[in-house]
1. Looking at 665, 656, can you tell me which residue is under 14 Å from residue 557 (Cα atoms), out of contact with any helix residue (DSSP H, G or I) (no Cβ under 6 Å at 6 or more places or on another chain) and surrounded by fewer than 18 Cβ atoms within 10 Å (Cβ to Cβ)?
2. Go over the candidates 289, 269 one by one and state the one that is more than 42 Å from the chain's Cα centre (by Cα), at pLDDT 85 or above and either in a helix (DSSP H, G or I) or surrounded by 17 or more Cβ atoms within 10 Å (Cβ to Cβ) (or both).
3. Step by step: first the residues of the stretch 46-79, then only those that are among the charged types (D, E, K, R), part of a loop (DSSP other than H, G, I, E, B) and exposed (fewer than 12 other Cβ atoms within 10 Å of the Cβ), then the one that is modelled with the highest pLDDT. Which residue is that?
4. Going by what's in this entry, would residue 593 be described as crowded, with 16+ Cβ neighbours inside 10 Å and of a type in the set (Lys, Arg)?
5. Just to be sure before I move on: is residue 113 more than 19 Å from residue 80 (Cα to Cα), at pLDDT below 95, in the same structural domain as residue 216 (by the TED database) and of a type in the set (A, V, I, L, M, F, W, C) in the structure I sent?
6. Is it the case, given these coordinates, that residue 629 is over 22 Å from residue 578 (Cβ atoms), surrounded by fewer than 22 Cβ atoms within 10 Å (Cβ to Cβ) and either hydroxyl-bearing (Ser, Thr, Tyr) or not assigned by the TED database to the domain that holds residue 555 (or both)?
7. What number of residues within the stretch 630-668 are within 39 Å of the chain's Cα centre (by Cα), over 28 Å from residue 696 (Cα atoms) and in contact (Cβ under 8 Å) with a residue 40 or more places away in the chain?
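The values are calculated or read from the model by the stated rules, or taken from the named source; none is laboratory data. What you are looking at is a predicted structure, and each value in this text was computed from that prediction instead of being measured. Reconstructed Cβ throughout: ideal geometry from the backbone, glycine too, with neighbour counts over all protein chains shown.
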Amino acid sequence: MCYTETDKLIFIIAEICGKTKPSVKVPFNYYSFSKREIKMRKLDSTKVRPLKSEQLLRIEDHDFALRPGFGGSPIPVGIDVQVESIDSISEVDMDFTMTLYLRHYWKDERLSFRSNKNKSMTFDGRLIKKIWVPDVFFVHSKRSFIHDTTVENIMLRVYPDGNVLFSLRITVSAMCFMDFSRFPLDTQNCSLELESYAYNEDDLMLYWKHGNKSLSTDEHISLSQFFIEEFSASSGLAFYSSTGWYNRLFINFALRRHIFFFVLQSYFPAMLMVMLSWVSFWIDRRAVPARVSLGITTVLTMSTIMTGVSASMPQVSYIKAVDVYLWISFLFVFLSVIEYAAVNYLTTIEERKQLKKRGKASGMYSIDAVQAMAFDGCFHDTDVDMDLTAFSDRCEENETQARAASISNTDTTRIKRKRSVKGNVGRIILRNNHVIDTYSRIIFPISWKMPKKGGKQVEMGKEMQTPCKRAKMEAACSPSVMSFESPDSLFGSLISPIKQEVFFREYWEQKPLLIQRNDTLMSAYYQSLFQFLDLKELCGQGLYYGRDINICRCVNGKKKVLNKEGKVNYMQLKKDFDQKKATIQFHQPQRFKEELWKIQEKLECYFGSLVGSNVYITPQGSQGLPPHYDDVEVFILQLEGEKHWRLYKPTVHLAREYNVESEDRIGNPTHEFLLKPGDLLYFPRGTIHQADTPLGISCSTHVTISTYQNNSWGDFLLDAIPGLVFDTAKEDVALRTSIPRQLLMQVDIADSAKKLSSLLRQLADRLENTRELRSSDMKKDFIMNRLPPYLGCDSDPLMPGGKLPKIDSKIRLQFRDHAIITVEPDQENSDEIRREMVYVYHSLKNRRETHMMGTEDDTASEEGTTQQTHGVRFPLSYLDALKQIWSSSTVCVKELNLVSDEEKENLALSLWTECLLEVI
């Protein structure tokens with residue numbers, strides 16, 4: 001029996017698989033050869049059927065509709081980007097198109113698998129739909145797509161420990177809010193913004209994987225119309241009223257426009273047209289067609305240039321730099337046409353007057369001669385005769401005598417006259433120029449140059465103003481003036497040369513302190529904090545009466561408010577200041593001034609209390625506020641000018657509220673002095689004071705830095721006693737016994753005073769024994785409303801970066817002064833039995849713009865929501881580990897006082913995502 005090769009191969013495979021045996025004998029030599037062949041084929045891995053990726057990753061065992069770690073701390077998702085190209089920049093659409101590689105990094109333990117060689121697995125885009133991936137989108141994008149040639153450009157790499165790398169190649173067109181006010185000398189700052197669509201900061205935390213190195217670009221990226229000055233990565237937060245705060249990443253790049261193209265296409269042709277229009281001033285005023293044609297041609301050419309430039313630009317509502325240049329050029333060209341119209345008109349009137357005065361021609365001839373000059377534009381014999389008559393009496397007499405002497409010499413005389421005209425054409429043209437033409441030859445070119453010089457001076461002034469001011473600030477911020485190394489050193493430099501221990505022993509809450517300094521450096525530094533001239537720039541940022549600025553004046557011992565409605569107009573503000581002698585009160589300038597933010601943030605760390613500020617600007621011979629006392633400790637820094645101060649003995653020592661006092665009640669001042677730039681004044685709350693600007697001083701500017709409002713022992717007990725009573729009542733049955741019947745209905749409860757005294761003594765005994773007094777509300781209020789840490793004027797919002805904390809990592813607490821630990825009932829548990837939880841609150845994400853303004857509270861109350869706090873919560877068993885982190889300079893994660901390694905890692909990771917931990 002003969003078998004084909006295919007039949008024999010089928011028999012051999014069936015025998016090897018053990019499913020069947022061949023029913024016929026196969027020749028031994030062929031059988032042996034076939035088994036060796038099959039063995040060689042089995043070594044080829046492509047012929048072996050591997051396990052399905054879904055089975056290896058156990059995809060069917062998990063619900064990937066939920067994010068990793070659902071219900072716990074937010075999952076960190078690292079991002080890095082490689083920009084491949086910037087394809088186009090469109091001024092008309094105000095957008096840009098960019099192609100980039102977007103890579104995501106996160107850990108999903110549900111995708112972990114066993115691997116003896118610890119090798120990762122790489123997949124294409126087909127697996128993406130079966131697992132959880134971050135839902136990152138591009139904010140303000142118009143169009144975007146994932147490249148799909150030859151297949152979708154998506155790569156997924158999974159590591160054995162569950163770490164995932166998800167990379168894709170995208171082209172995106174996004175909006176770029178451009179400012180063309182300086183076009184074409186402009187520099188545009190564009191950004192591509194990335195954000196999670198569904199997961200807010202409580203569920204997903206986006207951060208740059210490698211910090212500033214997370215953004216890389218191709219070295220050969222270039223654009224036809226722009227220089228790419230820089231690429232940078234930054235991060236921030238975005239708030240949506242209905243869903244909360246989201247992490248947002250920014251890819252920033254600055255584009256500076258090539259100017260040479262616009263010089264050739266717009267500036268140089270416009271300049272030539274202007275100069276060409278000046279040629280008209282050198283053409284004889286009788287050459288009407290030449291001058292009119294030249295003027296109309298230059299006007300139309302300028303209109304064409306302006307139309308071409310406008311067609312390539314968006315229709316913006318403000319004036320661009322190129323518009324100024326082109327419109328000025330158009331104006332000069334247009335004025336050259338108007339100039340000749342004036343010359344022509346005045347020349348016509350002049351010729352008529354001359355002809356009438358000499359009486360040598362009839363009215364009809366006069367009109368014909370004028371028409372010949374105005375509409376012909378050519379030199380006829382009659383015109384030349386008329387001109388010579390008009391401008392030279394000697395030529396007229398000679399010509400008349402020649403005609404009377406001999407008629408036979410007429411031809412000879414005409415030939416001589418023509419030669420005379422040819423020899424003196426230049427002289428005739430100059431003598432025929434109108435005085436307007438003569439002045440126009442000088443005035444037009446000089447006027448053309450003046451705007452350019454002025455523009456350069458203005459631009460240089462603007463460019464030099466900021467560096468000079470910054471240099472002054474850097475000189476003023478030297479360590480000899482103010483030390484920002486620590487909160488303690490800052491306060492020491494603030495009250496220098498008074499020592500801190502002397503200040504708190506002799507002055508704090510006791511009596512005023514006046515420090516008069518004759519220090520030029522300190523005066524310059526104080527002046528840099530806030531100046532009267534700063535108001536003009538700040539008013540342009542949208543200030544409002546009442547919220548940001550108050551206008552007031554002291555009239556007959558009372559405060560008269562002169563506020564307007566709505567936004568503050570600087571010119572109106574200056575008018576009220578000059579004419580009504582009103583004081584300008586600027587609320588919380590640290591929202592706008594970096595240096596004040598820097599000072600007040602350090603003082604909040606020093607005092608452990610909120611620190612606010614107000615700036616008062618008072619004109620000469622005026623007083624803004626009547627005599628009054630405040631409920632805060634006050635530090636006054638004199639910035640500009642001089643101010644006359646009078647302090648009085650307090651009527652209420654350490655007052656808890658603001659109050660105005662009448663002149664007849666306060667008596668004579670205990671202190672009276674003149675505060676000058678660089679001086680500092682301190683007085684405790686309750687000190688009655690008033691101040692005015694003396695005559696002869698243009699104005700006085702001082703900043704009032706205040707603290708310790710509602711921060712007394714009484715306030716602390718009001719906050720702490722309820723918690724102490726609640727905790728003690730759990731163990732002491734005496735506090736759980738009922739109050740006497742009808743006690744709440746009685747007017748006099750003197751009989752119960754003895755019982756209350758006894759219970760208070762028991763509370764005091766418990767406090768001395770346990771030494772635990774929980775004050776959560778005051779702590780939370782301070783942390784939620786204080787300033788965020790000052791990281792520099794150009795710094796980005798805090799975002800986690802660097803290494804993720806592992807079980808073997810060493811960690812260190814950062815921003816210790818900006819975080820607190822409290823123990824409170826679980827706020828998310830609505831059951832009747834609420835267990836206690838540990839809360840860690842911090843101020844790292846607080847908004848400087850709303851500091852001490854009550855804006856967030858007002859907004860929350862209007863929207864029916866509660867004020868948002870920043871922090872994390874843990875079970876009560878984490879308390880010891882948290883205290884361990886707070887009390888140690890560095891600690892290893894595996895040494896934390898927790899039971900399992902998983903709990904230790906979760907604690908470290910949660911604090912790291914809030915930027916409270918640094919991995920060393």
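1. From the options 665, 656, the qualifying one is 665.
2. Working: 269 fails: more than 42 Å from the chain's Cα centre (by Cα).
Going through 289, 269 in turn, just one is more than 42 Å from the chain's Cα centre (by Cα), at pLDDT 85 or above and either in a helix (DSSP H, G or I) or surrounded by 17 or more Cβ atoms within 10 Å (Cβ to Cβ) (or both): 289.
3. To start, the set of residues in the stretch 46-79 that are among the charged types (D, E, K, R) comprises 47, 49, 52, 54, 58, 60-61, 63, 67.
Checking which are part of a loop (DSSP other than H, G, I, E, B) leaves us with 49, 52, 58, 63, 67.
Narrowing the set further to residues that are exposed (fewer than 12 other Cβ atoms within 10 Å of the Cβ) leaves 49, 52, 63.
Numbers: 49: 46, 52: 54, 63: 75.
Going through the qualifying residues, I end up with 63.
4. yes
5. In short, yes.
6. Criteria not met by residue 629.
7. Final tally of qualifying residues: 5.
This table checks each residue for (1) assigned to a helix (DSSP H, G or I); (2) among the hydroxyl-bearing types (Ser, Thr, Tyr); (3) modelled with pLDDT of 90 or more; (4) within 29 Å of residue 107 (Cβ to Cβ).
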position: 828; (1), (2), (3), (4): no, no, no, yes
position: 841; (1), (2), (3), (4): no, yes, yes, yes
position: 861; (1), (2), (3), (4): yes, yes, no, no
position: 867; (1), (2), (3), (4): no, no, no, no
position: 872; (1), (2), (3), (4): no, no, no, yes
position: 902; (1), (2), (3), (4): yes, no, no, yes
